[in-house]
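Beneath this line is the structure, given in structure tokens, with notes to follow.
The values are calculated or read from the model by the stated rules, or taken from the named source; none is laboratory data. No experiment lies behind these values; they were computed from the predicted model shown. Note that each Cβ is placed from the backbone with ideal geometry, even for glycine, and that neighbours are counted across all protein chains shown.
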Amino acid sequence: MVPLSHYLVLSAILFGIGLFGALSRRHAISILMAIEVMFNAVNLSFIAFSRYLPQSQMQGHVFAVFVIAVAAAEAAIGLAIVLGLYRNFKTVNVDEINLMKW
Amino acid sequence: MSVEQGLFYFLAAFSVALALIVVLAQNIVRAAVALIFSFCGLAGLYILLDAEFLAAVQVLIYVGGITILLLFAILLTSRIAGKGVRVLNEQKVVSGIVAVVLMVLLGLAATRGFEAPAELPKQPENTPRIGTLLMTTYALPFEAVSILLLAGMVGAIFLARKEEK
Amino acid sequence: MDFLIEKATALGVPTLLAQVGAMLAVCAVIILYISVAAMFMIWWERKISAHMQVRLGPMRVGGWHGWAQSIADGVKLLLKEDIIPTQADKLVFALAPIVVFATALATYVIVPFGPGLMVKDLNIGVLYYISISSLTVVGIIMAGWSSNNKYSVLGAMRSAAQAVSYEVPLVVSVLGVIMIVGSLNMQTIVEHQAGRWGPLPWNWMIFGGGLQVVGFLCYFTAALAECNRMPFDIPEAESELVAGFHVEYSGIRFSMFFLAEYANMFVVAAIAVTMFLGGWRGPDFVSPLLGATLGPKVAGVFWFLTKSYFLIFVMMWLRWTLARLRVDQLMHLGWKVLLPISFINLGATGLWLVLKDMR
């Protein structure tokens, strides 16, 4: 049987990778993809907990369902914003979008 | 090493390798394809955790919805980019350190913090139970998420539509 | 497949080996079935289209009505040169047909060919089918993008938009049946359609509960769009987009797309038969000849294949009868016509269930 800690360590690794991507990529859509990786890591740890620790109302699973729903909404809006950015700035690299910098 | 452990290590290595490709790839379409396979790897892990409903929902929504959305956006915003374009910005060292420190902290917390039982508790039949719970105990969050999705839809359509002259 | 595993472990084979062996054997059987069925369907389509257009179709290859035409075509495709465009992304280009074919193959896991004759009787059968069938779109986009060709990209984007738009009416129209049966399990859905008077069609879901006829028509239309079949075949419009997203593919890669399309057609028909037309239920006239264990299975397979191929005939009939829809007409149909209809069907089914319980 795979111990719970294995799943949690895997979730931590995926979260770290996603975090690195979200902080250091330049392409706006890459950042969104790294955020999706982070969401997945979190879902994995929710479901791992739901399996290994007794839960009266399947909180882990239900929370994971809501995380997936919210991730879908966030991806849609994020991509709409990226499209708007591309139309106005003709670039999708986030460090070239610095009109509001002092 | 039992079959379950072997499958776990394989799927874990698969998911981690693909996530690394997602954050490090030069070509963004390859990163998106790696993301797709990473989601599938995670769906496999969910099945290993007896969460078959979540695995199917993960494939349906993440792979069948979000990644298609991502690919569409990539196709619509692609420019002729040369090979030498930098992929990572100037924060890469600091964010790398932060990510590694976070991984180590979370890993330590995971291996020392939780007392998992020796044998697994019995999992109720997944889909009917989740369905019932969504309609009874979690009815309010369910309705709130549907309003959120509606707002998201309207917002995304509004933001992304062509501007009238 | 569980049956095979039990047999093997009973014979003393270690469990892991039995499982893997059974999986490989079943996979081989399914691939063989897909190949044979696709070849038959291609020939059949050419004959049907020919007779509908008052001509004869393949007549020479193999003698009687050109039955070996598909085999000849298959051999030709296999022997063709494998051309990859120079600027194409080779890895994604090679991976795309594999993804499309693998997902078409993966949907065969929950096709109930007969009583107890499923690859695996998953508890989330219908949900599994819906989620795997949405992976085909990913493969199509990969194919379109990696061909480095404007027509491919356009075709891929149109196909993806079409598939995604018609997924929602597909799911919602199937939900009506699931609400009545109460389970996502395919065999349970088939067994629910058993009647007091045996296998008569009185209890088929298409006539049961609320407006399931509407559900069936809605599902059939949405599934036609998912398969990229006429009248929804803008993505591979031969006369417009020069075969759309698979224009740069040749030889084996193209044949994988082709096979995947026909495999998809069969699965779509199979799901429609299972949910709405009674699955493998039918008068069992074989049992007196073959005994009680084999008889029902053979009769089940016979009725299942008959019904599925009848639906496939209807699909081909529609292809050669109706005109192709333009992209905006297609989107209008999907979002403004089918989606409200399927939601009304869902609501009516729910109302019918509540009233049935109140009576």
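Annotations
- Test result for A:VAL65, more than 7 Å from chain B (Cβ to nearest Cβ), of a type in the set (Val, Ile, Thr) and either assigned to a helix (DSSP H, G or I) or surrounded by fewer than 21 Cβ atoms within 10 Å (Cβ to Cβ) (or both): no
- Candidates A:GLU74, A:GLU96, filtered to the one that is at pLDDT below 90 and more than 7 Å from chain B (Cβ to nearest Cβ): A:GLU96
- Selection within the stretch A:84-93: residues that are touching a Leu at 6+ places or on another chain (Cβ under 9 Å) and surrounded by fewer than 18 Cβ atoms within 10 Å (Cβ to Cβ). The member of this set that is farthest from the other protein chains (Cβ to nearest Cβ) is A:PHE89.
- Within the stretch B:39-57, the set of residues being at the interface with chain A (Cβ under 7 Å from one of its Cβ atoms) and of a type in the set (Asp, Glu) comprises B:ASP50 only.
- In the stretch C:187-226, the residues that are at pLDDT 80 or above, within 21 Å of C:SER342 (Cα to Cα) and buried (at least 19 other Cβ atoms within 10 Å of the Cβ): C:ILE189, C:GLY215, C:PHE216, C:CYS218, C:TYR219, C:PHE220, C:THR221, C:ALA222, C:ALA223, C:LEU224, C:ALA225, C:GLU226
- Total residues in the stretch B:4-39, condition in a helix (DSSP H, G or I) and more than 23 Å from B:LEU120 (Cβ to Cβ): 23
- Every pair of residues 6+ apart whose Cβ atoms lie under 6 Å, when the first sits in the stretch A:82-95 and is without any contact (Cβ under 8 Å) to a residue 24 or more places away in the chain while the second is surrounded by 13 or more Cβ atoms within 10 Å (Cβ to Cβ): A:LEU83/B:ALA160; A:GLY84/B:LEU159; A:TYR86/A:VAL92; A:TYR86/B:THR77; A:PHE89/A:ILE97
- Condition met for B:ALA55 (free of Cβ contacts under 8 Å to residues at least 24 places away in the same chain, within 26 Å of A:ALA76 (Cβ to Cβ) and not assigned by TED's automatic domain parsing to the domain that holds B:LEU159): yes
- Residues being acidic (Asp, Glu) and within 23 Å of B:GLY41 (Cα to Cα) - total across the stretch A:43-102: 1
- When A:ILE31, A:ILE47, A:ILE13, A:ILE35 are screened for being in contact (Cβ under 8 Å) with a residue 60 or more places away in the chain and either within 7 Å of chain B (Cβ to nearest Cβ) or surrounded by fewer than 23 Cβ atoms within 10 Å (Cβ to Cβ) (or both), only A:ILE31 passes.
- Which numbered condition A:ALA41 misses (of (1) more than 7 Å from every other protein chain (Cβ to nearest Cβ); (2) free of Cβ contacts under 8 Å to residues at least 12 places away in the same chain; (3) assigned to a helix (DSSP H, G or I)): (2)
- The stretch B:1-38: number of residues that are over 18 Å from C:LEU91 (Cβ atoms) and more than 7 Å from chain A (Cβ to nearest Cβ): 9
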